[in-house]
Amino acid sequence: MSVSLTVLLMLAPAAASRDTCRDCHAALEGPLAKPAVEFARDVHAHSGFGCASCHGGDPTQEDPALSMSRARGFVGKIVRTAVPRACARCHNDASLMHKFKPQQRVDQLTQYLTSIHGKRLAQGDTAGATCTDCHGAHGILEVRNPQAPTHPLRLPATCGRCHADTRLMARYGLATNQLAEYQASFHWEALSQRRDLSAPGCATCHGNHGATPPEVSSVAAVCGTCHALLEELFRKSVHQPLFATMQRGGCSVCHGHHKVERTSVDMLDGQKSVCAGCHEPGSPGARLAAEMGRRIRELRSALDRSDQILARAARDGMEVSEAVLRQQEGREALVRARVAVHTANLEEVLAWTKQGMAVAHATWQAGQEALRERDRRRMGLGVSLCAIALAIAGLWLKLRSVEASRPGL
Amino acid sequence: MERAMAVQAARRWQGWLEERLGWDRVRMFLAHKEVPVHSGTAWYYFGGITLFLFGIQVATGILLLLYYRPTATEAYESVQFILTRVEFGWLIRSIHSWSANLMVLTAFIHMFSVAFLRGWRRPRELTWLSGILLLGLTLAFGFSGYLLPWNTTAYFATKVGTDLVGSVPLAGPALARFLRGGDEVTGATLTRFFGFHVAVLPALTTALLGLHLALVQRFGISTPPWLESRGDVPQMPFVPNFLLRELMAWYLALGVLGMLAALFPWPLGEKADPFAPAPAGIRPEWYFLAAFYTLKLLPSHIWVLESEQAGLIGLGLLALWWAALPFWGVRPDGHERTRLLTGTGVLLIAWLSTFSVLGYFK
C-alpha cells in the first residue's frame, strides 16, 4: 500500500507534464468525457495532480493497455466505500498537505468516521454521504470559491440535496423539512441577505466532516459556540436543569431548531409568547416573563423617546452629540437586559433596565434642555432683531433729518 | 460754570490730540468727501458690508482662538467644547462660519458691481487688482478655515482640494506637499492650515486691505462713465449721509447674520477618520463648486494634458483674464470694450451660478 502511494505521489509532477488520461477522455463522448472536462477547473489539477493521482495507472503511456494497466497501479473507478480512504491518502498526510495548504487540517477522515455518514458507510450503506457527495468528484473547488457546493452560501442546498429528498430520508425515518425551515430562519437571512459568511449554516452546528445531530444535552454548547454569553446565562438559570431532566434541548425549546427566528421581547408574553408553551397564564412563571417583557419594553420606549427628542434638537441645529453618544450606553443596557432574560431571573433583568432607564432619563433631559436652549436662542434672536430694527429706524430718522436740512439730495 | 469748565477741558484735550495726530486734516478730508448719487449707488454698500463682515470675522476668530486647539487629536473636541460648554460659544462659532460665507458672497457682489459700474478705470487699476487679490485671500481663508474643525466632510474636501493643487503643472506636487506638510492630509496639514488661517492670511489681508482702502480714499468712489459724460452728477456727503446709509446696511447684515446663526447653527458633523472611506457626495464649499463641477465634467485627457491639469490651466487663465480687466477693458483710443466686458461679466455670473447649483445637486 505504501509503495503504491509513493508511486502515485511520484506520478503527480509527471501528470503535469503529460496526461494521456485527459487527452483520451476529452476526445470521448458522454459520461467518459465528463471527468476530463470537469477536472480542468479542479483545485487538484491546479496544484499539479492528475487523474493517476487517484485512479492510478501510467499517464505517460498512450497505449490504453499500458496506461490503464493493473500492473501500473490502475484502480479505475473508486467505489463509494473506498472514497474516504482514497481522499485521505493525501488529506491525512500532514507533510504532503503542508506543501499545498499549510494550515489545512488533516483529520477529515478521523472526523468522518465518527459522523453518522461515515458510520452508515462503514456499515455498508452506500447511500451514506461520502466526500464526493459534498465536494464533487472531478470538479472540486475550494470552499472559499463561491461556485463550490461547500461554500457557506451553497452548503445548505448541498446538504438539502439528500436531506430534503423525501424518498431517500424515508429509509432512515428522518424529516425533510430542515432546509425549508433553515431558509426561513434568521441565520439564513444573515447569511444570504446580509452576505455575512460567518452566520451559521448546517456545518456550523452539525460539524462538517464529523456531521452528526447534536444531542439534547449539547444543544446549548452548540449554540454557545457563537452565543457564548447566552449559554453562560442559560446554564445558571432554573431552566437548564429542568430542560435536562425533561430531555429537551436547551436553547431549541424556545428558539426552535432550524427555523431560528429573529428574537423579540414578544417571545416573553402575549400572542407570540414561547414561555406560554410551559407556563400557564397567571402562573408565577408567566407573571415573571410578563414583568420582564414590561420592563424591557418600558426601557425601549424610553430610549426611543430620547432618540426622537435628540433628533428634533439636532434637526434644529442644537449640538447634542454627547447625549446621542450616551444613548449607546442605554441601547447596550437594553441588549444586556434582553440577554439577561436567559437567566430567568427578574433581578438580573432589572439591574440592566434600571441602568438603561437612568441613561434614557438623562438623555431625555439633555434633549429637553437642548430644546429649551433653542427657544432661548430664538427669543434672544427676536430681542436682538428688535434692537437692530430700532437702530436702523434711528439711523433712518437721523438721515432724514440730515437730508431735510440739505434738500436736493 | 461747570459746563464751561467741561467744554474748556474737552477743548484742551482736543488741542492736545490735534497737536499729535493731526486729526483736523482727517476731519476736513471726510467733510469734503462725496459719493456720487445715481440708480446704482446701492451697489457701493457691498464693499462696506464686506469690510464689516471681515471685522466680525476678526472679532469672532479671536474669541474662538481662546479655546480652539489646532491638533488632529484635539481640534474636533475643542470645537465641540466651544459649542456645548462655552457661554455663547455656539453663537460665536456659528457667526464666524456664517459670516465667512456671507463675506465671500458680498465680496463677489462687490467685485461684479465694480466691474459693471466701471470702477476699475484709470486711475483705479490698482484698486481693482488689490480687490481681486483680497477676494483670493478671502477664498484662501475659507479653504483653510474649513479644515479646522477636523470633521469628516472638511477632511475629505481638503483631500480633494489639495489633490487638485497637486495637479497644477510643474509646481503642483511641491505646492501640495507644502500645503499638506506631507503626502497626505494629516495633523500636520491641520497645524499648517491653522497657521495660514490665523497668521499668514490675516497679515496679508490687513496689508492689502489697508492699500485697497487707501486707494479708495485717494481716488474716491468712481462715477459710471455714462453719467460722467452727462456732467453734474449729484453727490452726497460721505459723512454723515453715506455713512448713515452704510451703517444701516451693516445693521441689516448683522440682522441677517444673527438670524442665520441662531436659526441654522453651523453644524459640526462627525470627527474626521483618515482611515474611513470617503463618504458619498463629498464636495467643497459652495464658492468652489463651480470650478469643482467644471473639472468633473472635463474628459480624462485634453490634448496632451490630463483633465485636471487642463482644467486648472483654463480656470487660471480665466481668473487672470478677469483680473486684467482694467488693461483690456478700454481700447487704446480711450473707448471701452463695452460688449466684451458685459459679455464676459454676464457669462462669468451665469457660469458661477449655474455650475454651483449643478455641482451642489449632482
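Only the coordinates and a few stated rules stand behind these numbers; no lab work does. On a predicted model such as this, the values are computed, not experimentally measured, just so you know. Using ideal geometry, Cβ is built from the backbone for each residue, glycine included, and neighbour counts are taken over all protein chains shown.
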For this session: Can you check what the net charge comes to around A:Ala286, using other residues whose Cβ is under 11 Å from the Cβ of A:Ala286 (Lys, Arg +1; Asp, Glu -1)?
Result: -2
Exercise. Hey, what do the phi angles of segment A:365-378 turn into as Karplus ³J(HN,Hα) couplings, whole Hz, using 6.51/-1.76/1.60 and θ = phi - 60°, x for Gly and Pro?
Worked result: 4, 4, x, 5, 4, 5, 5, 5, 4, 4, 5, 4, 4, 5
Exercise. Which far-off residues, 5 or more places away or on another chain, put their amide H under 5 Å from the one on B:Ile302, with H placed in the peptide plane?
Worked result: B:Ser307
For this session: Quick one: which residues, 5 or more positions from A:Ser237 or on another chain, have an amide H under 5 Å from its amide H? H modelled 1.01 Å from N in the peptide plane, none for Pro or chain starts.
Result: none
For this session: Tell me which residues come under 5 Å, amide H to amide H, from B:Met236 once H is placed; ignore anything under 5 positions away on its chain.
Result: B:Val35, B:Val37
Seminar exercise, completed: Summing -39500 (n - 2.57) over every DSSP H run of at least 4 residues in chain A and dividing by its residue count gives a helix-only mean residue ellipticity at 222 nm, to the nearest 500 deg cm²/dmol, of -17500 deg cm²/dmol
Exercise. In chain A, which longest range has no trypsin sites (Lys or Arg not before Pro) that are both DSSP loop (not H, G, I, E or B) and surrounded by at most 10 other Cβ atoms within 10 Å?
Worked result: A:263-409
Exercise. Which whole number gives the average count of other chain Cβ atoms within 10 Å of the Cβ atoms across peptide B:88-94?
Worked result: 2
Exercise. Hey, any idea what Rg/Rh is for the protein assembly as shown, computing Rh the Kirkwood way over Cα pairs?
Worked result: 1.17
Exercise. Mean projection of the alpha-carbon convex hull of segment B:17-283 over all orientations, in nm²?
Worked result: 17.9 nm²
For this session: Could you go through segment B:84-100 in sequence order and give the Karplus-derived ³J(HN,Hα) for each residue, using 6.51 cos²θ - 1.76 cosθ + 1.60 with θ = phi - 60°, rounded to whole Hz, and x for Gly and Pro?
Result: 9, 10, 7, 4, 6, x, 4, 5, 4, 5, 5, 5, 4, 5, 5, 5, 4
For this session: Using a 10 Å cut-off on Cβ to Cβ distances, tally the other chain neighbours for every residue of A:347-356 and report the average as a whole number.
Result: 0
Exercise. What ranking do B:Thr60, A:Thr81 get, fewest neighbouring Cβ atoms within 10 angstrom at the top?
Worked result: A:Thr81, B:Thr60
Exercise. Most mobile of B:Leu215, B:Leu295, B:Leu66 per a Gaussian network model of chain B (Cα springs, under 10 Å)?
Worked result: B:Leu66
Seminar exercise, completed: Placing one equal point scatterer on each C-alpha of segment A:284-379 and summing with Debye, one gets log10 I(q)/I(0) at q = 0.25 Å⁻¹ equal to -1.12
For this session: Calculate for chain B the 222 nm mean residue ellipticity that helices alone would give, adding -39,500 (n - 2.57) per DSSP H run of length 4 or more and normalising by residue count, nearest 500 deg cm²/dmol.
Result: -22500 deg cm²/dmol
Problem set entry | Dipole of chain A, positive end: most advanced residue of A:Cys386, A:Val324, A:Val349 [Cβ charges, Cα centre] | A:Cys386
Exercise. For peptide A:372-385, how many partner chain Cβ atoms fall within 10 Å of a residue's Cβ, on average?
Worked result: 3
Problem set entry | Sites matching trypsin sites (Lys or Arg not before Pro) across segment B:1-61 that sit in DSSP coil, with at most 11 neighbouring C-beta atoms within 10 Å | none
Problem set entry | Neighbour-count order for A:Lys101, B:Lys362, fewest beta carbons within 10 angstrom listed first | B:Lys362, A:Lys101
Problem set entry | Part-to-part distance (alpha-carbon centres) for segment A:161-239 and segment A:24-71, which is given in Å | 39 Å
Exercise. What is the distance, in nm, between label points placed 7 Å from the Cα along the Cα-to-Cβ direction at B:Arg339 and at A:Arg262?
Worked result: 6.8 nm
Problem set entry | Per-residue Cβ neighbour rank within 10 angstrom, fewest leading, A:Cys202, A:Cys278 | A:Cys278, A:Cys202
For this session: Take the alpha-carbon centre of segment B:156-186, take the same for segment B:119-138, and report the distance between them in whole Å.
Result: 28 Å
Problem set entry | Positive minus negative residues near B:Ser167 (Lys, Arg vs Asp, Glu; Cβ under 11 Å) | -3
Exercise. Per residue and in Å³, how big is the convex hull formed by the alpha-carbon atoms of chain A?
Worked result: 291 Å³
Exercise. Karplus couplings for segment A:29-42 from phi (6.51 cos²θ - 1.76 cosθ + 1.60, θ = phi - 60°), rounded to Hz, Gly and Pro as x?
Worked result: 10, x, x, 6, 7, 3, x, 5, 5, 5, 5, 4, 9, 6
Problem set entry | Dipole of chain B [Lys/Arg +1, Asp/Glu -1 at C-beta], most positive-end residue of B:Trp98, B:Pro277, B:Gly131 | B:Gly131
Exercise. For segment B:239-362, rounded, prolate or oblate, judged on the Cα gyration tensor with a ≥ b ≥ c (square roots of eigenvalues), a/c < 1.5 rounded, else prolate if a/b > b/c?
Worked result: oblate
